[in-house]
Amino acid sequence: MIGRVASLTILSLACVMRAGAQRVDWPTTSGDAGAMRYSALADINRENVSRLKVAWRWNTGERSIPASAGQKPARPGLFQASPVVIGDTLYVSTGYAAVAALNAKTGVQLWKFDPEIWRAGQPSNGTGLVHRGVATWSSRRERRIFINARWKLIAIDAKTGKPIPSFGNNGEVDLTATLRRPVNKLQYTNTSPPMVWGNLVVVGNGVGDRIRYRNDPPGDVQAFDVRTGKRVWSFHTIPDSAEFGWKTWEDGSYKYMGHTNVWSPMSLDVARGLLFLPVSTPTNDWYGGDRKGDNLFAESVVALDMRTGKRVWHYQLVHHGLWDYDLPAPPVLATITWNGRPRDVVAVPSKTAWIYVFDRVTGKPIWPIVERPVPASDVPGERASPTQPMPTNPAPFTRQTVTENDLIDFTPELKRRALEVFRKYRSGPIFTPPSEQGTITMPGSIGGAGWGSTAYDPVTHTLFVKGTNNPVLYRIQKGVPNDTIGYDYTVDLTGSGLGVTADPDSGMADHTPPQQLPLIKPPYGNMTAINLDSGKQLWQVPLGDTPAIRDHPLLKGVALPPLGVAGAVGGTVTRGGLIFATGGGAVLYALDTRDGTVRWQYDLPAGRGYSNPVSYRGANGVQYIVMATGGGDNSELVAFSLDGAH
């Protein structure tokens with residue numbers, strides 16, 4: 001009896017302590033405008049994380065839509081959103097770019113707005129319909145939620161969930177109406193949240209890599225007035241005539257090239273009003289015979305004056321890109337210690353597996369970035385850049401080439417097959433160009449780093465980056481009519497995935513074709529901690545697992561090392577000494593920030609967790625970890641708290 005009374009007393013004290021704790025919001029999808037993905041909360045920490053339990057779950061309710069009269073087929077992709085939490089209300093976008101408001105303590109839905117973008121069918125990006133979050137704007141009188149749904153920018157009343165009629169045309173702006181040239185709206189999309197600063201809301205866009213024709217959609221970045229929807233400024237990621245950088249597009253190719261967009265989240269120095277753009281690849285990612293030159297501002301980090309949209313500085317990370325090495329993630333705004341004093345920097349994660357670190361104001365590299373010679377191209381009409389910029393520090397966080405020593409060798413038969421595949425194609429160091437023979441490219445098209453790879457601890461000055469080891473094959477071939485711009489070449493992506501199998505009947509009793517295994521050895525995904533004061537790696541561990549490989553029938557009875565998991569998403573770091581991440585797999589891990597050891601893990605009920613978690617504390621004093629999980633017809637948010645409290 002005494003023990004029970006003591007337990008109840010402790011529980012009561014815990015409730016009192018929780019009730020007195022201050023509410024802490026998660027005001028942007030990355031936690032702050034500078035993309036740190038850091039929570040200053042430590043209620044959940046290394047000592048008690050084992051007590052995490054599910055507090056609530058919420059399902060989007062979205063389902064695949066079959067083709068019918070007047071309706072193209074549509075399906076939700078993976079649920080990739082990171083919610084925003086303000087004042088105990090959670091706002092989240094769904095795969096169909098609907099916006100829902102939930103009670104952040106219980107998961108109870110308050111309202112949901114559906115822009116019905118599914119009526120237009122699938123976008124051209126190959127991912128299904130996905131969206132990664134919303135942005136908010138507040139005044140003394142109101143709060144607005146902004147969602148960039150396909151070609152629409154929509155302002156929603158945060159109280160009612162209804163579009164605001166005074167914004168644009170009955171609450172929405174057609175983002176294609178103010179571009180420099182007419183475009184096909186169905187080929188224009190958005191997956192990342194807008195950026196809000198002052199009375200401006202800024203959006204980029206996405207265009208499917210496989211779309212390549214003269215005058216395809218450009219990547220203009222546009223700013224609109226948050227109240228009226230009137231466009232305020234536009235930045236041309238492909239410069240027009242006489243604009244800075246236009247001569248890097250030879251033979252007038254700037255006039256008709258497209259893409260070069262900002263599909264990834266942007267980041268913002270709020271105090272300085274500096275907007276940082278991670279710019280992607282130009283039209284025809286893998287062949288540049290009809291866009292000779294360095295092609296500014298493709299594959300560059302660009303700092304803009306948020307007030308005017310004018311360029312402050314830029315740095316191109318890949319010249320004349322041929323490898324789909326678009327900048328996939330928001331630049332991280334960090335403050336490091338440099339020569340004993342604080343220095344504001346921007347750390348740019350990349351698919352190349354380097355972190356490029358610059359002075360935030362001047363754009364000067366913190367450590368030297370050296371132009372080094374790279375292999376030439378022998379594809380007709382192509383002229384690859386003779387050099388590429390390569391950082392001297394920090395070191396690459398994934399592999400950047402594939403050699404025979406890297407090939408899978410779980411069994412002698414698999415090693416033989418891997419050698420057979422490897423020797424059919426070219427391989428070489430990073431920036432070896434695509435070829436007609438076929439070039440094994442490493443890192444592959446998802447990196448390196450992906451769109452959610454990084455988190456930064458501003459106390460320890462540690463950057464945590466999720467990396468993927470997954471080579472691809474780029475084989476240039478003759479194009480088909482209307483598939484290229486001027487030249488006759490493009491890339492064959494039908495066989496871009498590299499893998500090996502044993503003989504079809506080996507170990508397969510039912511004679512079904514065995515699933516491919518990766519060409520290379522694991523790990524296929526890792527988490528790396530980098531001290532940004534010095535650029536030195538502190539630790540690196542495999543992150544996650546790949547059951548499709550571990551449970552493969554050809555590997556029955558084979559002792560396998562840690563596999564890791566390929567994927568674009570990293571984690572969220574907390575003051576409790578933990579980083580929460582899946583790496584793109586179906587298990588959520590809490591890693592110790594000191595060495596990467598797993599302190600807690602949970603099998604996600606809806607499957608893959610292909611998003612970045614968020615963390616906040618409600619007015620009830622409870623710290624939550626919330627993550628979007630699953631996809632398709634089963635997409636749900638899962639919230640965790642100590643002992644499942646809510």
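The values are calculated or read from the model by the stated rules, or taken from the named source; none is laboratory data. Keep in mind that what you see is a predicted model, and the values were worked out from it rather than measured. Quick reminder, even Gly has a Cβ in these numbers, built from the backbone with ideal geometry, and neighbours come from all protein chains shown. Accessible surface is based on the protein model in full, side chains and every heavy atom, while ligands, DNA and RNA are left aside. Shrake-Rupley method; radii C 1.70, N 1.55, O 1.52, S 1.80 Å.
Yes or no, residue by residue, for (1) of a type in the set (S, T, N, Q); (2) closer than 22 Å to S241 by Cβ:
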site: L268; (1), (2): no, no
site: P278; (1), (2): no, no
site: T308; (1), (2): yes, yes
site: V348; (1), (2): no, no
site: T352; (1), (2): yes, no
site: Y356; (1), (2): no, no
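Would you point out which residue out of V558, V541 is open to solvent by 10 Å² or more (accessible area, probe 1.4 Å), under 30 Å from W26 (Cα atoms) and not aromatic (F, W, Y)?
Just a single option satisfies the conditions, and that option is V541.
State which residue is nearest to D326 (Cα to Cα) when the search covers only segment 242-255 and only residues that are open to solvent by 30 Å² or more (accessible area, probe 1.4 Å) and out of contact with any Lys or Arg (no Cβ under 8 Å at 6 or more places or on another chain).
Of everything passing the filter in segment 242-255, T248 is nearest to D326 (Cα to Cα).
What do you reckon, is A81 open to solvent by less than 40 Å² (accessible area, probe 1.4 Å) and assigned to a loop (DSSP other than H, G, I, E, B)?
In short, yes.
I need the full set of residues from segment 332-352 which are open to solvent by 10 Å² or more (accessible area, probe 1.4 Å) and in contact with a Pro (Cβ under 9 Å, 6 or more places away or on another chain), in order please.
Residues satisfying the conditions are T335, K351.
Taking segment 133-154 as the region of interest, how many residues are in a loop (DSSP other than H, G, I, E, B) and surrounded by fewer than 22 Cβ atoms within 10 Å (Cβ to Cβ)?
4
Consider segment 145-195. How many of its residues are touching a His at 6+ places or on another chain (Cβ under 8 Å) and hydrophobic (A, V, I, L, M, F, W, C)?
Result for segment 145-195: 2.
I'm told R210 meets every condition in (1) open to solvent by less than 20 Å² (accessible area, probe 1.4 Å); (2) within 22 Å of the chain's Cα centre (by Cα); (3) among the charged types (D, E, K, R) except one. Can you identify the failing condition by its number?
Failed condition: (1).
Can you name the residue in segment 1-24 that is open to solvent by 50 Å² or more (accessible area, probe 1.4 Å) and part of a loop (DSSP other than H, G, I, E, B) and is also modelled with the lowest pLDDT among such residues?
M1
For K310, only one of the following conditions fails: (1) in contact with a Phe, Trp or Tyr (Cβ under 9 Å, 6 or more places away or on another chain); (2) basic (K, R); (3) under 21 Å from A566 (Cβ atoms). What is its number?
Looking at each condition in turn, K310 falls short on (3).
So which strands (runs of 3 or more DSSP E) are wholly in segment 256-331 and hold at least 2 residues that are open to solvent by 10 Å² or more (accessible area, probe 1.4 Å)?
Qualifying strands (runs of 3 or more DSSP E): 311-316.
If you check P123 against the conditions, is it open to solvent by less than 30 Å² (accessible area, probe 1.4 Å), modelled with pLDDT of 95 or more and assigned to a loop (DSSP other than H, G, I, E, B)?
The answer is no for P123.
Do you know which residues across segment 396-416 are assigned to a helix (DSSP H, G or I), under 12 Å from P518 (Cβ atoms) and either at pLDDT 95 or above or open to solvent by 50 Å² or more (accessible area, probe 1.4 Å) (or both)?
If the condition is that a residue be assigned to a helix (DSSP H, G or I), under 12 Å from P518 (Cβ atoms) and either at pLDDT 95 or above or open to solvent by 50 Å² or more (accessible area, probe 1.4 Å) (or both), then D406 is the only one that fits.
Looking at (1) surrounded by fewer than 23 Cβ atoms within 10 Å (Cβ to Cβ); (2) part of a helix (DSSP H, G or I), which is the one condition that is false for W118?
Going through the list (1) surrounded by fewer than 23 Cβ atoms within 10 Å (Cβ to Cβ); (2) part of a helix (DSSP H, G or I), W118 breaks only (1).
Could you look through segment 417-459, keep only residues that are among the small types (G, A, S) and in a loop (DSSP other than H, G, I, E, B), and pick out the one that is nearest to I579 (Cα to Cα)?
Among those that are among the small types (G, A, S) and in a loop (DSSP other than H, G, I, E, B), it is S453.
Can you name every residue in segment 568-607 that is within 26 Å of D551 (Cβ to Cβ), out of contact with any strand residue (DSSP E or B) (no Cβ under 6 Å at 6 or more places or on another chain) and of a type outside the set (A, V, I, L, M)?
Matches in segment 568-607: G585, T597, P605.
For segment 546-646, please list each of the strands (runs of 3 or more DSSP E) lying entirely inside it that holds at least 3 residues being more than 30 Å from L517 (Cβ to Cβ) and at pLDDT 95 or above.
The strands (runs of 3 or more DSSP E) meeting that bar are 571-574, 614-617, 623-631, 634-642.
For (1) farther than 30 Å from I238 by Cα; (2) aliphatic (A, V, I, L, M), each residue gets a yes or a no:
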| site | (1), (2) |
| --- | --- |
| R119 | yes, no |
| N125 | no, no |
| R144 | yes, no |
| G168 | no, no |
| L175 | no, yes |
| L200 | no, yes |
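Does any residue in segment 362-376 that is farther than 30 Å from G273 by Cα and open to solvent by less than 50 Å² (accessible area, probe 1.4 Å) come within less than 6 Å, Cβ to Cβ, of a residue that is part of a strand (DSSP E or B) and not hydroxyl-bearing (S, T, Y) six or more places away or on a different chain, and which pairs are these?
That search, which allows pairs on different chains as well, returns V374/Q388.
For segment 35-54, state whether one or more residues are in a loop (DSSP other than H, G, I, E, B), under 26 Å from the mean Cα position of the chain (by Cα) and without any contact (Cβ under 8 Å) to a residue 60 or more places away in the chain.
no
From the set of residues in segment 515-535 that are more than 24 Å from the chain's Cα centre (by Cα) and farther than 20 Å from G447 by Cβ, which is surrounded by the most Cβ atoms within 10 Å (Cβ to Cβ)?
Per the stated criteria, the residue is L517.
From the list I446, I430, which residue is of a type in the set (A, V, I, L, M, F, W, C), surrounded by fewer than 23 Cβ atoms within 10 Å (Cβ to Cβ), under 15 Å from Y325 (Cα atoms) and at pLDDT 95 or above?
Checking each option against the conditions leaves just I430.
Quick one: count up the residues across segment 57-77 that are without any contact (Cβ under 8 Å) to a residue 24 or more places away in the chain and surrounded by 13 or more Cβ atoms within 10 Å (Cβ to Cβ).
1
When residues of segment 224-272 are filtered for being in contact with a Leu (Cβ under 8 Å, 6 or more places away or on another chain) and acidic (D, E), how many remain?
2
Given the conditions (1) surrounded by fewer than 24 Cβ atoms within 10 Å (Cβ to Cβ); (2) closer than 20 Å to F397 by Cβ, and given that D359 satisfies all but one, which numbered condition is not satisfied?
The failed condition is (2).
If I ask for residues that are under 22 Å from the mean Cα position of the chain (by Cα) and in a loop (DSSP other than H, G, I, E, B), which ones from segment 176-197 would you list?
Y188, N190, T191, S192, P193, P194
Could you please give the count of residues in segment 417-427 that are in contact with a Ser or Thr (Cβ under 9 Å, 6 or more places away or on another chain) and open to solvent by 60 Å² or more (accessible area, probe 1.4 Å)?
Result for segment 417-427: 1.
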